[in-house]
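Everything on this sheet refers to the single structure shown next.
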Amino acid sequence: MERQRIVLRIGGVAWKVQVNAPEEQMQRLAQQVDAKLRQLAPHQTSNPQAYLLVALAFAHEAEEERTRRHQLRDQTRTFLRNLLRKVEGVLEKE
């Protein structure tokens, strides 16, 4: 995809950016950032520290999701290993 210039509105500020991603995707992400900014710092949307707080909040959420994904992967592996042992046990009896 070719780079394109788009305008994203975050915290009441219009940000002109060049992106490779589809504009719809970038607008959706900008809306998520804007919503998090208004949630965490509703009266400080132009404060650079508010943007840092949003970045940290998203990083924390990403880390939690990674941890959940790894736990689910480990649980799935354990379940499948146990299932395979049971299947092998049944097949050996036949």
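The values are calculated or read from the model by the stated rules, or taken from the named source; none is laboratory data. Small disclaimer: the values here were computed from a predicted structure and weren't measured. Here the Cβ is made from the backbone with ideal geometry for all residues, glycine too, and neighbour counts use every protein chain on show.
General remarks:
- For region 16-33, a residue qualifies if it is closer than 17 Å to TYR51 by Cα, in contact with a Lys or Arg (Cβ under 8 Å, 6 or more places away or on another chain) and touching a residue at least 12 places away in the same chain (Cβ under 8 Å), and the qualifying residues are VAL17, ALA30.
- Residues that are free of Cβ contacts under 8 Å to residues at least 40 places away in the same chain and among the hydroxyl-bearing types (Ser, Thr, Tyr), drawn from region 34-72: THR45, SER46, THR67
- Qualifying residue in region 44-51 (condition: aromatic (Phe, Trp, Tyr), surrounded by 10 or more Cβ atoms within 10 Å (Cβ to Cβ), in a helix (DSSP H, G or I) and at pLDDT 95 or above): no
- Residue in region 11-19 that is at pLDDT below 95 and either closer than 16 Å to GLU61 by Cβ or surrounded by 13 or more Cβ atoms within 10 Å (Cβ to Cβ) (or both) present: yes
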